[in-house]
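Have a look at the structure below before the remarks.
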Amino acid sequence: MGREPAGTSRPHTGPDPVTALQALVAIPTVSWPDESSIDAAVFEAFHAELADRFPLLHGHLEKHRVGIHGLMFRWAGAASDRPLVLMAHQDVVPVDESAPWQHPPFGAEIHDGAIWGRGTLDDKAALVGICAAVEGLLADGFTPAQDVWLLLGAREEVSGPDAQHAVEVLREQGVRPWLVLDEGGAIAHEAFPGVVVPLGVVGVTEKGTTTVEMVAEGRGGHSSTPATGGPTARIARAVARLETRQLQPRLPEPTVRMFERLAPYAPAGQSALFRHARRLRPVLARALLATGPEAAALARTTMTVTTLQGSPAHNVIASRASAAVNLRIMVGDSVASVVEHIRRAIRDPSIRLDVLDANEPSPVSPSDGPAYELIAGTIEAVFPDAVVTPYVMMAATDARFLTSICPQVYRFTPFRMTKAQRESIHSYDEHIGVDDFVAGVGWYRRLLEALT
Ligand SMILES: [Zn+2]
């Protein structure tokens, strides 16, 4: 098996990736937090369809199961000292039947030059794009310069353990990935008010997610003889205090770099502010807070009270009241530091703070160096109109688990997405342009060819 000379990228992509994507979107691989609710037959059907569509991949690559329905493949390269891990997930979030989908969510129909359906953007275009690129290269007799691992988890949307299992397998085999690439950023059109160029946003870290429950206890009793300062009143006061004592804004390094990168493309009024982002960090952070909730999330750890509980009956005083605070922790803060913030903000030692789940923000991958440059260079080659920039991801991905074995973990999917498309993820009318999907397949192919 010979290698192609570097830089040649033929249009051939193997068996038609578009019909493969349609076939796989049509299989409703919905994952649920409760394992027993997951329909195993659906995932088995997905695996069978995948094997049908990508026979060379299934013939040549070594296959591992991770978790229950997770898959991992190893494509042996000419060398294995700098392995690449490409990630995408099989599962999708459920469909709200009352949402006004223009086309059936599992119909995978093509309308107006786009494939419509749940999972087209999140994350089956990436999954099929990776497989199609590998299949096409195998058809050409190509051997990658390095070992390539494909990690296709099946419980990403429910924070399941597939990626953690994969990390165990990689550890057992002594694999230290050089580069991990998972979903996240995209070729984002209309990403920033006033910035007209599309941005190739590459996630270099992601916020941590934590829920802290505030619990107040008391005697309870009959509601006809109430005392003051009961559990519900103390929880209500704590909720109100938290609302007015949000965390301080702070612009992490990748966000500063993003603003510096965008400065030449920003409208005149903002350009100077962006260019001096490093020096003007506090000013910029405050400006973001004032812009609205989405911009504010860029500039600090967010927290909001989501669930409230008191007594189960109208005429019973609660002996226990609670409120859950959901936090998205910015790099620079930690679970411990935000718990301490809550403790100080509520000023009530009688309230207990229970940390229900604790995910720290992910370590920051470098925004320079050969791994980042490989991704950035491949974006520039395939999407010459896009400006590549690092950014902090707000949502959680399976990639966070890989940070324990790899310092260069990036979150990027090579598809053009409008604002409306990004908003359709986990919502309705999710769709991907056919041409945009095919361009993305080419991007993965080019990335694999560029390994050294
Ligand atoms: Zn996803």
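Here are the numbers:
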| read-out | value |
| --- | --- |
| Calculated from backbone phi, Karplus (6.51, -1.76, 1.60) coupling profile of the range 296-303 in Hz, x at Gly/Pro | 4, 5, 6, 10, 6, 5, 9, 9 |
| Alpha carbon convex hull of the range 266-317, volume per residue in cubic angstrom | 111 Å³ |
| Cα long-axis angle, helix 281-291 against the chain (0 to 90 degrees, to the nearest 10) | 80 degrees |
| Residues whose placed amide H lies under 5 Å from that of residue 79, excluding near-sequence neighbours | 146, 147 |
| Over the chain, relative contact order from alpha-carbon pairs under 8 Å, at least 6 apart, % | 25 percent |
| Under 20 Å from residue 63, Cα to Cα: lysines that are on another chain or at least 8 residues apart | 124 |
| Heavy-atom accessible surface of the range 174-273: percent carbon and sulfur, 1.4 Å | 54 percent |
| Overall dimensions of the range 15-102 by Cα: Rg and Dmax, Å | 15.5, 51 |
| Sparse-neighbourhood loop sites, trypsin sites (Lys or Arg not before Pro) in the range 152-241 - DSSP loop, at most 16 other Cβ within 10 angstrom | 219 |
| Folded to 0 to 90 degrees: helix 125-139 orientation relative to the chain principal axis, Cα | 20 degrees |
| Distance cut-off 23 Å, percentage of C-alpha pairs in the range 236-328 lying past it | 42 percent |
| Rounded to the nearest 10 Å², the accessible area of residue 27 at probe 1.4 Å | 30 Å² |
| Using θ = phi - 60° and Karplus 6.51 cos²θ - 1.76 cosθ + 1.60, couplings along the range 17-26 (whole Hz; Gly, Pro as x) | x, 5, 5, 5, 4, 4, 4, 7, 5, 5 |
| Viscosity 1.567 mPa s, temperature 4 °C, Stokes-Einstein D of the chain from Kirkwood C-alpha radius, µm²/s | 55 µm²/s |
| Average accessible area per residue (Å²) across the range 405-452 - probe 1.4 Å, nucleic acids and ligands excluded | 32 Å² |
| Heavy-atom accessible surface of the range 306-414: percent carbon and sulfur, 1.4 Å | 56 percent |
| For the range 174-221, alpha-carbon Rg relative to the globular expectation (2.2 N^0.38 Å, N residues) | 2.23 |
| Helix-only mean residue ellipticity at 222 nm for the chain, each DSSP H run of n ≥ 4 adding -39500 (n - 2.57), per residue, nearest 500 | -10500 deg cm²/dmol |
| Principal-axis tilt of helix 434-449 within the chain, Cα atoms, nearest 10 degrees | 70 degrees |
| Calculated P(r) of the range 148-242 - Cα pairs past 20 Å, % | 67 percent |
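The values are calculated or read from the model by the stated rules, or taken from the named source; none is laboratory data. None of the values given here were measured: they were computed from a predicted structure. Because the Cβ atoms are built from the backbone with ideal geometry, glycine has one as well, and the counts that use them run over all protein chains shown. For the accessible areas, the whole protein counts, side chains as well, though only heavy atoms, and no ligand, DNA or RNA atoms are used. Shrake-Rupley method; radii C 1.70, N 1.55, O 1.52, S 1.80 Å.
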